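Here is the structure we will look at.
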Amino acid sequence: MSRDKEFFKQIDIAKTWFDRQGWIPFPFQLDAWSHYLKGRSGVVNAPTGSGKTYSLLIPILLQGLKHESCEGLQAIWITPIRALTKEIRDAGKRAIDGLGLDWRIEIRSGDTSTAVRKSQLHNPPQILITTPESVHILLATKGYPAFFRNLKTVVVDEWHELMGSKRGVLMELALSRFKVMCPQLQIWGISATIGNMEEAMSVLFGNWKRRKNQSLITVRSDVKKEIDIETIIPDDIETYPWAGHLGIRLIEKVIPIIQRSRSTLIFTNTRGQCEIWYQKLMDVAPELAGLVAMHHGSISREIRDWVEDALHDEHIKAVICTSSLDLGVDFRPVETIIQIGSPKGVARFVQRAGRSGHQPGARSKIYFLPTHSLEIVEGAALKEAIRRNIVEDRIPFVRSFDVLSQYLMTLAVSEGFHEDAILEEVRSTFSYASVNDEEWSQILDFTRSGGSLEAYEEYHKLGRDRTGKYRVINKRIATRHRLSIGTIVGDHSLQVRYLNGKKLGNIEETFLSKLRPGEHFWFAGRSLELVRIKDMNAFVKRANSKTGKTPSWQGGRMPLSSQLSAMIRFKLDSYTSGANQDSEIMALDEILSYQQEQSHIPTEEEFLIEYLRDRDGYHLLMFPFEGRFVHEGMGALLSYRLGKLKPLTFSIAMNDYGFELLADKPIPIEQALETDLFRTSGLQEDILASVNSAQMARKRFRDIASIAGLIFRGFPGKYKKERHLRSSSGLLFDVFNDYDPNNLLYLQAFDEAMIFQLEEARLRVALDRISKQKIILKRPETATPFGFPIMVDQLRERLSSEQLKERIARMKLIID
Amino acid sequence: MLDVIEITVARELLVLHPYRAVYWPKNNSLMVTDLHLGKIQHFIKAGISLPSHASMDNFERLSSTLLQFQPERLLILGDLFHSDYNSDWRVFSELRQTFAAVQFDLILGNHDSLDSKLYADNKIDVYENLKIGPFLLTHKPLEGSADYNIAGHLHPGVKLYGQSRQSITLPCFYFGSRQAILPAFGTFTGVYKLKPEKEDRVIVISSDHLIDVTPEEA
């Protein structure tokens, strides 16, 4: 039989099976099957619910049919979250049975029992569904090369999701090992559409393409999801608040939507907001009790599983959730989505919309509920972005030395590594392509011995064996390393449990420590009374109070994406030219014309500055519409530059639309505008001088220290002297700051602060744009619709350029 | 030379040094506490990579204050060594020999778990606590002592508040009406926030400077 004939025969087997199920393969699935069967690698670009799983599972199985015996592990399927593993396994089982294979497909994750994990090592399934962390734990296992000996395929599902985190870097490193160990390897990514698709491909494959001398394939799904967007507009726009982030005032409009729809997911932006909405919904619509559930990342896994099952089986009508349900199980009955507050990005909005009508061909229905009046504009901006197919980029982590150090330890505890061979593999990745020899030896020394080889030999973690391989010396260190693999760093939280031990979830220590036993609070939709705190547990019992504190969780407030920002500026521009027909903009007419009257609405060629005085002082407001991170940096930068003209102390407030500098003395704004205030020259120096970068880096260092193994995270079967190893990341940061300021992990903290906290690249682009715009300086009498929400913000950053010593001298010790 | 601050406690003049040491001229002795020597090495030995030369700073500051004040006696208020024996003790032994003429007295702290032979070999006298002049020196702060108590153990620090919601936490010397708590001498030791009361004297340490932040009479 010729190769072609055999190939078509293979595809026919799959087609026949599809046919028996009453399915017809999509063109992109056929495309993927044929590329895969020709031995190629690449990326399948398809959204969830489009049939992406079978685009790659089927050809993996078809390949299996061709061979007489397929002993050992043939394929690894990586998913970012455990919740997805079951669904993929079930799909796999169905196809395996249907195609008449005798393969096993199994899950291996943190939830897998030790016994199962052990038996998998001796008798691996043909397909293993797992996470990046579990793969690294396998790489930390003695004898891993034998386990992966027959590996032919790695599929990285939801690659767009992994790529924007250090878990993506874990994946790059694992692949760099597999590429060398398994010369026949095929690698496939599955990704939803992101702005930087090509980069996503480079990150996944590193420099592999060049070496294999074959081109990588992109298979695009032509399944286009239709999204129906409706903005919930308040009846009485004049009295809808100008500022706010809860949106509770529109709760009456949500109830009929829940009642009309078979089932509804209500997305909130924070866990605190989720708790409050649930509570209010129960107050306003008690008839929904038992039909509405809550789901967020701090609620225990058991309760979340129950909610997911109940939703799947249509036992409940609605779930109020956070990003915890962005990904995960296919909830076929979900008909409707409600997004409360700005989704901050187009991709997130589309992803959430896609949770409804979750099957090929179905329409998605999403409502957008604005939490303050100006936010209504975002409804129009989102529609425009989706119409133009605009999505955000995902920024990959590069040069994450913390992850690299962890990886070297991982290899050292199992099979050991030869320096030169591993360096070549590491450099073959996107993340570490630019690591130079000096950096490499620094990170290797750091991993070996704490970075100073003069240190006594007895302290070295790694030694060389007879073949020259680096291996870990101390067994206890090896055990501890295996327990701490991964890049997800937990917060300091306590387990919330009933007195009988049943877990409800976890809440940050800082919230619980402020409660006294007997006090009531709300969590997981229940009114609870704190009984006592013991070890890392907060024991509670049911309470029946209507009031009580709601926990808040630390965690970043996401900034508005630059893509969505641009659409908002576009919508405002089109309002000024009178060309706009959007229902959102028309509904806002009253407020926008008031803004126009009192101040101005900027076109895309203009930049608006408002300057006004009131009881609080002199307010300087600017509206770049670039997201709060950029505004924070720009606010600090401008107050520094203004402070050079005249000594001033500012407080800075910001939201996603603009920022405010507040001073107690007049601000020389006209004079400042003549000095090229928005220049990008000298930007980095000015940022370093103005922003408290050390403070930001210190925060970033917490995760880095943990990933690099600097934080001792406890040990099962406690050792006596364990408490002598306690420290905090702040203390560690200070040690590096004082004694090893060139340490790569320490410097990484500053780099991460610049890239992810200050969004330096975006700040630069924004400044460039503003310096080309026409500046409109207005002096409104009172706060405008644009300015008001910022002026009432209580979370203010203060800035001062004085020396630390002088600052301390003026500080006071406060005696209660 | 770094600026010092002089302070009178229980009618005795004490000299506070920014290296976190107290010189008592009348008794010609130098007081330090919570050196936690060997802590960095202890971490490194457990596989936690830290800059090992960070521990040298402890010895440099200790030598330099001993040289500056030339005391007859060094009073260590406990937690001299952080944990199990490691190479830092050898460095400390060398320092001990360099200052062989000085009397070294150690009040045992909760961390001091080394073999007592090591103290004897290095001519360090060991005490539970020490009563000298008007002072009772202990490791942990003592409640209700008749004498003025000078202690360590807590690693005291205070949080200072500035205008515009600024704040900073710094290690400090703390002098109450019946008790003083000295700052931890060792690097990599952290601080525990104290809540001072009226009439307490608080002197904070910001790198190499001492700043008296005692609240003024209202």
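The values are calculated or read from the model by the stated rules, or taken from the named source; none is laboratory data. Everything quoted here is computed from the prediction, not taken from an experiment. A quick note on method: Cβ atoms are made from the backbone with ideal geometry, for glycine too, and the neighbour counts reach across all protein chains shown. All accessible areas refer to the heavy atoms of the entire protein, side chains included, with ligands and DNA or RNA removed. Shrake-Rupley method; radii C 1.70, N 1.55, O 1.52, S 1.80 Å.
Look at the dipole of chain A built from charges on Cβ: of A:S545, A:Q581, A:F349, the Cα furthest out on the positive end belongs to A:S545. Per the Debye formula with a single identical scatterer at each Cα and no solvent contribution, what log10 I(q)/I(0) holds for the stretch A:3-220 at q = 0.11, 0.17, 0.18 Å⁻¹? Reported log10 I(q)/I(0), two decimals: -0.50, -1.29, -1.47.
Within the shell of other residues whose beta carbon sits under 14 angstrom from the beta carbon of A:A347, the net charge comes to +2, with Lys and Arg scored +1 and Asp and Glu -1.
Using alpha-carbon positions, what is the distance between the centroids of the stretch B:4-21 and the stretch A:482-514, in Å? About 45 Å separates the Cα centre of the stretch B:4-21 from the one of the stretch A:482-514.
What is the interface area between chains A and B, defined as buried accessible area summed over both chains with a 1.4 Å probe, reported in Å² to the nearest 100?
Numbers: alone 37100 and 11220 Å², together 44260 Å².
It comes to approximately 4100 Å² buried between A and B.
Of the accessible area of the stretch A:567-692, computed with a 1.4 Å probe over protein heavy atoms only, carbon and sulfur atoms account for 47 percent. Among the lysines of chain B, pairs at least eight places apart or on separate chains and with Cα atoms under 24 Å apart come to 18. Here chain B has 48 percent of its accessible surface on carbon and sulfur atoms, given a 1.4 Å probe and all protein chains in place. Rounded to the nearest 10 degrees, the angle from helix B:56-69 to the longest Cα principal axis of chain B is 70 degrees. Averaged over the residues of B:38-45, the number of partner chain Cβ atoms lying within 10 Å of the residue Cβ comes to 6. Can you find, among A:Y640, A:S493, A:L101, the residue farthest towards the positive end of the dipole of chain A? Put +1 on the C-beta of Lys and Arg, -1 on that of Asp and Glu. With unit charges placed on the Cβ atoms, the residue in question is A:L101. Specify whether the C-alpha gyration tensor of the stretch B:5-212 places it in the rounded, prolate or oblate class, a ≥ b ≥ c being the square roots of the eigenvalues: rounded for a/c under 1.5, otherwise prolate if a/b is larger than b/c and oblate if not. In terms of gyration-tensor shape, oblate. For peptide B:188-194, the mean count of partner chain Cβ atoms within 10 Å of a residue's Cβ comes to 2.
The distance between label points at B:T8 and A:R20 comes to 10.1 nm (points 7 Å beyond Cα on the Cα→Cβ vector). Relative to the longest principal Cα axis of chain A, at what angle does helix A:693-707 sit, 0 to 90 degrees, rounded to 10? Value to nearest ten degrees: 20. Seen from B:N28, the other residues with C-beta closer than 11 Å to its C-beta sum to a net charge of +1, counting Lys and Arg as +1 and Asp and Glu as -1. With the whole protein complex present, A:T53 retains an accessible surface near 30 Å², based on a 1.4 Å probe. Counting Cβ atoms of other protein chains within 10 Å of each Cβ in A:735-744 and taking the mean gives 4. Per-residue Karplus couplings for the stretch A:183-192, computed as 6.51 cos²θ - 1.76 cosθ + 1.60 with θ equal to phi - 60°, are listed in order as x, 8, 4, 10, 10, 10, x, 10, 9, 6 Hz, Gly and Pro entered as x.
Based on DSSP H segments of at least four residues, each scored -39500 (n - 2.57), chain A has a per-residue ellipticity at 222 nm of -12500 deg cm²/dmol. Taking amide hydrogens as placed 1.01 Å from N in the peptide plane, the amide H of B:H111 sits under 5 Å from those of B:D79, each at least 5 positions away in sequence or on another chain.
Across chain A, the relative contact order, built from alpha-carbon pairs under 8 Å that are at least six residues apart, equals 11 percent.
Overall form of the stretch A:227-387: oblate. Here a/c, set by the Cα gyration tensor axes a ≥ b ≥ c, is 1.5 or more, and a/b is not larger than b/c.
Overall form of the protein assembly as shown: oblate. Here a/c, set by the Cα gyration tensor axes a ≥ b ≥ c, is 1.5 or more, and a/b is not larger than b/c. The alpha-carbon of A:K15 sits under 27 angstrom from the alpha-carbons of these lysines, leaving out residues fewer than 8 places away in its chain: A:K5, A:K38, A:K52, A:K66, A:K86, A:K93, A:K152, A:K224, A:K225.
Taking every protein chain into account, the accessible area of the protein assembly as shown amounts to 43 square angstrom per residue (probe 1.4 Å). Can you tell me the 0 to 90 degree angle between the C-alpha axis of helix A:401-413 and the longest principal axis of chain A, rounded to 10? Taking Cα atoms only, the helix is inclined about 20 degrees. What number comes out for the charge environment of A:A385, summing +1 per Lys or Arg and -1 per Asp or Glu over other residues with Cβ under 11 Å away? Result for the local shell: +1. Distance from the Cα centroid of the stretch A:44-58 to that of the stretch A:250-283 is 31 Å (rounded to whole angstrom). Residue-normalised convex hull volume from the C-alpha trace of the stretch A:727-769: 76 Å³ per residue. Remark: the stretch B:5-212 carries a charge dipole of roughly 400 debye about the Cα centre, counting +1 on each Lys and Arg Cβ and -1 on each Asp and Glu Cβ.
Cross-link partners for A:K665 among the lysines, with Cα-Cα distance under 20 Å and sequence neighbours closer than 8 places in the same chain left out: A:K644, A:K646, A:K778.
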